[in-house]
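So the structure is just underneath, and the comments pick up after that.
Any read-out appearing in this document is the output of simple, stated calculations on the displayed coordinates, not a laboratory observation. Remember, it's a predicted structure, so these values are computed and weren't measured experimentally. Here the Cβ positions follow ideal geometry from the backbone for every residue, glycine too, while neighbour counts run over all protein chains shown.
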Amino acid sequence: METIDRYFPNLTVAQKDIFTRLKSLYEEQNAKINVISRKDMESFYLHHVLHSLSITAFVNWNLSCKILDLGTGGGFPVVPLAIYYPEIQFTAIDGTGKKIKVVNEIADQLGIKNLKALHLRAEDCREKFHFIVSRAVCSLDLLIQYSKPLLLQPAVTALPNGVIAYKGGDLTEEIRDIKKKAYFEIYDIHQKFPEPYFQEKKLVYLQLH
C-alpha cells in the first residue's frame, strides 16, 4: 500500500481501507482460481493496483461517464477504478465465468456498489458506454472491432468518447494496423509514475472513426 499512498495521498480513509483489504481478498480468491500469477502477488499493488489507477493521470472522467472494462479477467483495471471513482458507474465483462464470479465476490465483500460484472462476450453486450478500457486483452485492431458497436455518442467530457488500452512493449505493428481506423494518442505511464516496472508501459487512447 505504500506505493499507492505515495502517488495518491488524497484518498479518503474509506478508500485506503478498501485498498488495504484488497490484496488479502485476491489471495483468498487466488487459492480457488488463478486470476493473478502467484509470483506477481508479491508486487500486487505496483503491478495491478497502481497500473490500473495510472489512467487517472491522463483522463478526467465525470459523474456522467459510463465505463466498460472489456475482458476484465480478475477485475483489473475495473476494481481499483471503481474504488477510486465511487460515483461513476462501471461495468465489467469477460467470457470466463469463473473470473467474473471472483470480481463479483470481491466487489460484494468490499461493498463496491458502482460496479457490475457480467459473464458476457463483447459481441453479445447490448449496453453502450462513453469509454471502454481494456488491459492486456487483444490487439488494438481487434479491440476497435469489439468496441465500435459499444460506444455512446455524444461526448460528456472534453475528451471525446473512445477506447483506452493498457499496453506494453513495442507497439509499432499494432499502431500501423489501426492508423486508418482511429485517431490515437499514446500516453507514457512512466512519465507520471516513474517506477522501473512502467518503463515500457503505455496507455493508448483511440477515438474511432
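Data for the structure
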| read-out | value |
| --- | --- |
| Listed residues Gln145, Thr172, Val156: farthest to the positive end of the dipole of segment 123-189 (Cβ charges) | Val156 |
| Amide H contacts of Phe129 (H built 1.01 Å from N, under 5 Å, at least 5 apart or other chain) | Leu151, Leu152 |
| Efficiency of FRET between Val13 and Ser64 - r from beta-carbon atoms, R0 35 angstrom, step 0.05 | 0.85 |
| Segment 157-197: trypsin sites (Lys or Arg not before Pro) in DSSP loop, at most 10 other beta carbons within 10 Å | Lys179, Lys180 |
| Inter-label distance, nm, simple model (7 Å from Cα along the C-beta direction), Asp170/Glu42 | 2.9 nm |
| Sites matching chymotrypsin sites (Phe, Trp or Tyr not before Pro) across segment 158-203 that sit in DSSP coil, with at most 13 neighbouring C-beta atoms within 10 Å | none |
| Only Lys, Arg (+1) and Asp, Glu (-1) charged, at Cβ; segment 106-209 dipole about Cα centre in debye | 320 debye |
| Nearest 10 degrees, 0 to 90: helix 97-110 Cα axis against the chain principal axis | 60 degrees |
| Alpha-carbon centroids, segment 98-124 and segment 15-49: separation in whole Å | 16 Å |
| Rough spin-label spacing in nm, given labels placed 7 Å along Cα→Cβ, for Asn34 and Gln207 | 4.2 nm |
| Between 0 and 90°, nearest 10: helix 13-30 axis offset from the chain longest Cα axis | 90 degrees |
| Ellipticity estimate at 222 nm from DSSP helix runs (n ≥ 4, -39,500 (n - 2.57)) divided over the chain, nearest 500 | -8500 deg cm²/dmol |
| Trypsin sites (Lys or Arg not before Pro) lying in DSSP loop within segment 74-162, provided at most 14 other Cβ fall within 10 Å | Lys113, Arg121, Arg126, Lys128 |
| Anchor Lys101: lysines whose Cα lies under 30 Å away (excluding residues fewer than 8 positions away in-chain) | Lys16, Lys23, Lys32, Lys39, Lys66, Lys113, Lys116, Lys128, Lys148, Lys167, Lys201, Lys202 |
| Segment 2-208, dipole about Cα centre (Lys/Arg Cβ +1, Asp/Glu Cβ -1), debye to the nearest 20 | 380 debye |
| Length-normalised contact order for segment 2-208 - Cα pairs under 8 Å, 6+ apart - percent | 17 percent |
